[in-house]
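These notes concern the structure reproduced below.
The values are calculated or read from the model by the stated rules, or taken from the named source; none is laboratory data. Remember, it's a predicted structure, so these values are computed and weren't measured experimentally. Cβ coordinates were reconstructed from backbone atoms using ideal geometry, including for glycine residues, and neighbour counts include every protein chain displayed. All accessible areas refer to the heavy atoms of the entire protein, side chains included, with ligands and DNA or RNA removed. Shrake-Rupley method; radii C 1.70, N 1.55, O 1.52, S 1.80 Å.
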Amino acid sequence: MHLANLLSILALAADTAMAQSTLPLRIVTWNIRWATPVRETNEKPWSTRAPLVVSTLSKTVADTPNAVVIGLQEVIASQLADIKVGLGNEEWSHIGVGRDDGKDKGEFSPILYRPSELRLLFNETKWLSPTPDKPSYGWGAGSRRVVTIGVFEHVGTGRRFVAANTHLDNLSSRARSEGVKVALDRIQAVQREYSTEGQEAVSPLPVTLTGDFNSEPGQDAYAAVTGSGYLEELRELADESQRVGPYETYTSFSSWTKGTRIDFAWLGPAADKRWTVSRYEVVDNMVDGVYASDHRMVFGDVEAAA
């Protein structure tokens, strides 16, 4: 066999093997509490909390061979800069914009990733409202709300996936229910677009969605996601032996307040049954006697089959 033909066959075989590999990810979601000038009882200023947030994130992203996507909520521009510097600014990039002007004003719902692990192919931010293409409020919401969406290619395997991150409204139940429908519609549109190469359809890309839903299991936004049949919650896919840490993800800044579970990671498409889970963990938000945030970080180790 001619050497050039042999090399071509070997390269094709390597590409085929890479495309058929599983996609290993660690998915992280955390509402870090914005740097408010008016603090709650027991809430420390961002200057005190920032190193605790960074150290918690650093430990989480270091302790895995998987590629990492980090969905954060309530992040203003200065906090985002602090976190990226703390993690290693040269190692990390992000997608997402400020929700108030589509640039740098207001809270971000960013997705952080390492370009050495994940190649960004596409990203967008949409507002959770009847006018998703511009900064806007939806359905009686107390704040503008957004979903950040990215399409990534895993450097190690060549596998592609869609990652999305959001923070739903805290005041309006309708804004949460309708807002998450906007998010799901747009995620599915992006998934369809990037699951097609030219005119040839390929397997639907795996999807992850992280966020603070301000909705407990069974309530408005949570029910809207489960009712769609499109995504499954990571915790529910994990068995009891794979679950680590407390049940509640929101604690406020008080040990006396009854916590709730409102922070989630979702996987899909549910119909494909491609995801396997090896770990689901809720991480303590009390670090050295100080609340790093009023929420606990949630992360999971997962793999998507080809």
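Quick notes on this one:
- Residue with peak Gaussian network fluctuation, the chain [Cα springs, cutoff 10 Å], from Gly86, Gly98, Gly150: Gly86
- Approximate spin-label separation Glu216-Arg192, in nm, with each point projected 7 Å along Cα-to-Cβ: 3.6
- Counted over the chain, the DSSP beta bridges are approximately 80% antiparallel.
- Of Lys44/Lys134; Lys84/Lys181; Lys126/Lys273; Lys44/Lys181; Lys105/Lys181; Lys59/Lys258, pairs whose Cα-Cα distance is over 29 Å: Lys44/Lys134; Lys84/Lys181; Lys44/Lys181
- Accessible area (Å², per residue) of segment 216-306, counting only protein heavy atoms and a probe of 1.4 Å: 43
- Simple spin-label estimate for Thr64 and Ser228 gives 2.2 nm between the two label positions (7 Å along the Cα-to-Cβ direction from each Cα).
- Rounded if a/c under 1.5, otherwise prolate or oblate - segment 173-254, Cα gyration tensor axes: oblate
- Among Gln79, Gln242, Gln191, the residue with the largest mean-square fluctuation in a Gaussian network model of the chain, with springs joining Cα atoms closer than 10 Å, is Gln242.
- Candidates Leu121, Leu184, Leu112: whichever shows maximal mean-square fluctuation once the chain is modelled as a Gaussian network with Cα springs under 10 Å: Leu121
- The accessible surface of segment 100-145, taken with every protein chain in place and a 1.4 Å probe, is 46 percent carbon and sulfur.
- In plain terms, the chain from Val38 to Ser143 could stretch by 36.0 nm, reckoned as 0.36 nm per residue minus the Cα-Cα distance.
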